[in-house]
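The values are calculated or read from the model by the stated rules, or taken from the named source; none is laboratory data. Small disclaimer: the values here were computed from a predicted structure and weren't measured. FYI the Cβ positions are ideal-geometry reconstructions off the backbone, even for glycines, and counts take in every protein chain you see.
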Amino acid sequence: MKANAGKPKVALIDARNTEYYDGTASGDEMRAGHIPGATSLPFESLVVEPALTFVERAAMQKLLADAGAARRDTVVPYCHIGQQATVVYFAARYLGYDVRLYDGSFQDWSRRAELPVETKP
């Protein structure tokens, strides 16, 4: 994961709610914030409540593009422990992206003191 963060053609997407991404909340994580180079795409933005179905295909494509995923990129979603990121994973797979889930997610990353963490003001 460390080798791919910030690498061209890799769209690292944080599927957690915004307050975790920007560092205003940490939850149970060791450190608050996000992996450097990651963009925020909260998993809830990809589903329609209360049915919990995916948003329309065009809206899904726009959300992923707005999160920095270009057509030929490998999309790597993560969240707290890998559960919320599966929504981004399945959406990206549905749209034909090459997708890899960082299943250790931010729980793994934040516990490693040698790995950088960013926050947004």
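Residue pairs whose Cβ atoms lie under 9 Å apart, separated by 6 or more positions or on different chains, with the first residue in segment 1-29 and in contact (Cβ under 8 Å) with a residue 60 or more places away in the chain and at positive phi and the second small (Gly, Ala, Ser) and loosely packed, with under 14 Cβ neighbours inside 10 Å, are LYS9/ALA70. Could you pull out the residue among LEU101, LEU115 that is assigned to a loop (DSSP other than H, G, I, E, B), under 12 Å from the mean Cα position of the chain (by Cα) and not acidic (Asp, Glu)? The unique qualifying residue is LEU101. When the residues of segment 1-35 are narrowed to those that are of a type in the set (Asp, Glu) and at pLDDT below 90, which ends up surrounded by the fewest Cβ atoms within 10 Å (Cβ to Cβ)? For segment 1-35, the residue satisfying everything is ASP28. Among residues of segment 46-75 that are free of Cβ contacts under 8 Å to residues at least 12 places away in the same chain, those with a Cβ under 7 angstrom from a residue that is assigned to a loop (DSSP other than H, G, I, E, B) and surrounded by 15 or more Cβ atoms within 10 Å (Cβ to Cβ), sequence gap 6+ or separate chain, pair up as VAL48/VAL55.
Tell me, please, whether a residue that is part of a loop (DSSP other than H, G, I, E, B) and charged (D, E, K, R) can be found in segment 82-97. No: segment 82-97 contains no residue that is part of a loop (DSSP other than H, G, I, E, B) and charged (D, E, K, R).
Among the residues of segment 49-71, the ones that are in contact with a strand residue (DSSP E or B) (Cβ under 8 Å, 6 or more places away or on another chain), part of a loop (DSSP other than H, G, I, E, B) and either within 13 Å of GLY96 (Cβ to Cβ) or not aliphatic (A, V, I, L, M) (or both) come to 3 in all.
Annotation note: of SER110, SER105, the sole residue that is closer than 25 Å to LYS62 by Cα and among the polar types (S, T, N, Q) is SER105.
Scanning segment 45-79 for residues that are of a type outside the set (A, V, I, L, M) and more than 17 Å from ALA5 (Cα to Cα) yields SER45, GLU49, PRO50, THR53, PHE54, GLU56, ARG57, GLN61, LYS62, ASP66, ARG71.
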